[in-house]
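*Asks:* Quick one: this structure, given as structure tokens, is what I'll be asking you about.
The values are calculated or read from the model by the stated rules, or taken from the named source; none is laboratory data. Everything numeric here is computed off the predicted structure, so don't read it as measured data. Note: ideal-geometry Cβ built from the backbone for every residue, glycine included; neighbour counts use all protein chains shown.
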Amino acid sequence: MRADAARRRQAIVREARHLFAAHGSDIALESVAEAAGVGIATLYRNFDSRAALVDEVVLTILRDMQQAATEALDSIAASPETAWAAYVQRLVELDLGALSEALGEFVADEMSGVVRREQERTLTGVEDLLDAARTAELVRPDLTALEFVLLIGMVTRPQPEPIRAAAPDLVPRLISIVLAGMRP
């Protein structure tokens, strides 16, 4: 793939991810194309369907989650509290709400094999990090990787404008409550 074509594809995925997080994955693909600075034909040359675009957004988020878990696992022994808090904050910044929204669009039967395998790999990495966090007594022993990821995804799901206006610090506040509630 040419460099300019790869940049356009990355822009489409980046903007789709952002728009899915803000408005849900049923947003018009024309809006995604416009936000990415490409025409709808370019979007469809890269992704032949909404499902293909959703898959790519999900794969990108899952890979970012894997990288975050690996980095946190590398540093948790030296500074458990700091590494764990940084990891959770990084998940918030990754728009896991977009992942929840995108996966919610497609029931498990419709999830591609590639996404399913990447999801399993990601959950394994999160579980490894949770084991280290359990050892440091930062999380309850019964918390699973899937529960943790779903929890962060629910807290970061797109909220209607009236809620965002009334509670602009809602996500950071809920995350602090969640972190406290995860402790053994």
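*Asks:* Does Ala5 meet the test of being surrounded by fewer than 21 Cβ atoms within 10 Å (Cβ to Cβ), assigned to a helix (DSSP H, G or I) and under 18 Å from the mean Cα position of the chain (by Cα)? Quick ask: steps written out before the conclusion?
*Replies:* On the way: surrounded by fewer than 21 Cβ atoms within 10 Å (Cβ to Cβ): yes; assigned to a helix (DSSP H, G or I): yes; under 18 Å from the mean Cα position of the chain (by Cα): no.
In short, no.
*Asks:* Right, another one. Gln10 passes all but one of (1) under 15 Å from Glu56 (Cβ atoms); (2) in contact (Cβ under 8 Å) with a residue 12 or more places away in the chain; which number fails?
*Replies:* Every condition holds for Gln10 apart from (2).
*Asks:* Let me ask another. Failed condition for Ile76, given (1) crowded, with 17+ Cβ neighbours inside 10 Å; (2) at pLDDT below 95, with all others met?
*Replies:* (2)
*Asks:* Taking the options Ala68, Ala22, Ala72, name whichever one is among the aliphatic types (A, V, I, L, M) and over 23 Å from Glu118 (Cβ atoms).
*Replies:* On the way: Ala68 fails: over 23 Å from Glu118 (Cβ atoms); Ala72 fails: over 23 Å from Glu118 (Cβ atoms).
Going through Ala68, Ala22, Ala72 in turn, the sole match is Ala22.
The rows are residues; the columns are (1) more than 21 Å from the chain's Cα centre (by Cα); (2) farther than 30 Å from Val139 by Cα.
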| position | (1), (2) |
| --- | --- |
| Glu34 | yes, yes |
| Val38 | yes, yes |
| Asn46 | yes, yes |
| Glu56 | no, yes |
| Ala69 | no, no |
| Asp74 | no, no |
| Ala77 | yes, no |
| Val88 | no, no |
| Val92 | no, no |
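*Asks:* To continue, here is another question. Would you check if there is a residue in region 133-144 being part of a loop (DSSP other than H, G, I, E, B) and among the small types (Gly, Ala, Ser)?
*Replies:* So in region 133-144, the residues part of a loop (DSSP other than H, G, I, E, B) come out as 136-144.
In the following step, the residues that additionally are among the small types (Gly, Ala, Ser) were identified as 136.
The answer is yes, given that some residue of region 133-144 is part of a loop (DSSP other than H, G, I, E, B) and among the small types (Gly, Ala, Ser).
*Asks:* Which of the residues spanning region 27-52 are assigned to a helix (DSSP H, G or I) and touching a residue at least 24 places away in the same chain (Cβ under 8 Å)? Step through it out loud before you land on a result.
*Replies:* Here is the first cut: in region 27-52, the ones assigned to a helix (DSSP H, G or I) are 29-36, 40-46, 50-52.
Across region 27-52, the qualifying residues are Leu29, Ala36, Thr42, Leu43, Asn46, Arg50, Ala51.
*Asks:* So, one more: When you go through (1) modelled with pLDDT of 95 or more; (2) not in a helix (DSSP H, G or I) one by one for Thr70, which number turns out not to apply?
*Replies:* Condition (2) is where Thr70 drops out.
*Asks:* Separate question: Restricting attention to region 84-100, which residues are aliphatic (A, V, I, L, M) and either at positive phi or in contact with a Leu (Cβ under 8 Å, 6 or more places away or on another chain) (or both)?
*Replies:* Ala85, Val88, Leu99
*Asks:* Mind telling me which of the residues Ser112, Ser100 ends up being among the polar types (S, T, N, Q), surrounded by 14 or more Cβ atoms within 10 Å (Cβ to Cβ) and modelled with pLDDT under 70? Before the answer, list the steps.
*Replies:* Working: Ser112 fails: modelled with pLDDT under 70.
Step by step, each of Ser112, Ser100 is checked, and only Ser100 is among the polar types (S, T, N, Q), surrounded by 14 or more Cβ atoms within 10 Å (Cβ to Cβ) and modelled with pLDDT under 70.
*Asks:* Could you count how many residues in region 30-43 are touching a helix residue (DSSP H, G or I) at 6+ places or on another chain (Cβ under 8 Å) and surrounded by fewer than 18 Cβ atoms within 10 Å (Cβ to Cβ)? Spell out the reasoning first.
*Replies:* Taking region 30-43 first, the residues touching a helix residue (DSSP H, G or I) at 6+ places or on another chain (Cβ under 8 Å) are 30-33, 35-40, 42-43.
Those left that are additionally surrounded by fewer than 18 Cβ atoms within 10 Å (Cβ to Cβ): 30-31, 35, 37, 39-40, 42.
Residues that pass the stated criteria total 7.
*Asks:* Taking region 149-184 as the region of interest, how many residues are of a type in the set (D, E, K, R) and not in a helix (DSSP H, G or I)? Walk me through it before giving the result.
*Replies:* Filtering region 149-184 for residues of a type in the set (D, E, K, R) gives 157, 161, 164, 169, 173, 183.
From the residues that got through so far, the ones that are not in a helix (DSSP H, G or I) too are 157, 169, 183.
Of the residues in that region, 3 qualify.
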